[in-house]
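What follows is a short report on a single structure.
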Amino acid sequence: ARFYRYVLADDNGTAPCPQDGLLTLATCKPAIRRTAKPGDLIAAFAPSPFPRDMLAYAGRVLEVVEWPEYTARHAYPRRNDAVYAFLPDGRVTRLRNGYHPTDRHLAQDLSGPVLLFDPAETWYFGENPQALPAHLQWCSIGGQGSGTGRGHRVDEVALDAEESLLTWLKRTYAPGFHGAPRGRSTRGC
């Protein structure tokens, strides 16, 4: 399986969306959304001024669905990531005018499907990011061998290996939401 990781610069409850027991990634990170498959692990880390190894969320992808299917199946438009509506004539309209307000944003958001995470293998920490143990600090952006700079990283890893991030999470925390989103910004990701 693949292990994706990135810095979650703006955690406002939209991308990812931790709501009603379901974590989704519907906007932002289009390259990850276009390439992630069920079974992959995605982890995001809190930005500075937090230390580099502070985990904001991690989850195993359960399902990859196209936008129209997602909006039809998941209590949309009550979810926080309900930012677009799909009209019968094929047009798309914004439901939240301040979020990703340009046509470029719209095209970027709709260029990839929506990732739904497995509730049994998802940990969202939000405003309470958790420090990785020493043997897992390589996972964080800026950790040994991961490089620094913008964008995401992806590795082929044994997710259930004895010393993996997923194994540590299962041993240390109950799956679920352990904090509210870090910020209340509506500007985007």
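The values are calculated or read from the model by the stated rules, or taken from the named source; none is laboratory data. It should be emphasised that the depicted structure is a prediction, and the values quoted were computed from it without experimental measurement. Every residue, glycine among them, receives a Cβ derived from its backbone with ideal geometry; neighbour counts consider all protein chains shown. When the accessible area is computed, the model is the full protein with side chains, heavy atoms only, and any ligands, DNA or RNA have been set aside. Shrake-Rupley method; radii C 1.70, N 1.55, O 1.52, S 1.80 Å.
One chain, two ends: residue 86 and residue 31. Fully extended at 0.36 nm per residue, the span grows by 17.6 nm beyond their Cα-Cα distance.
For the stretch 65-103, which trypsin sites (Lys or Arg not before Pro) pass both filters: DSSP loop (anything but H, G, I, E, B) and at most 11 other C-beta atoms within 10 Å? Within the stretch 65-103, the qualifying trypsin sites (Lys or Arg not before Pro) (loop, at most 11 other Cβ atoms within 10 Å) are 78, 91. Using a probe of 1.4 angstrom and keeping all protein chains present, the accessible surface of the stretch 3-151 works out to 42 square angstrom per residue.
Calculated from the structure, Cα Rg over 2.2 N^0.38 Å equals which of (1) 1.05; (2) 3.31; (3) 0.99? From the options (1) 1.05; (2) 3.31; (3) 0.99, the structure gives (3).
Which of 118, 81, 103 moves the most in a Gaussian network model of the chain with Cα springs under 10 Å? In the Gaussian network model the winner is 103. Here residue 69 and residue 161 are evaluated by their C-beta separation; at R0 = 41 Å the FRET efficiency comes out at 0.80.
Of the accessible area of the chain, computed with a 1.4 Å probe over protein heavy atoms only, carbon and sulfur atoms account for 53 percent.
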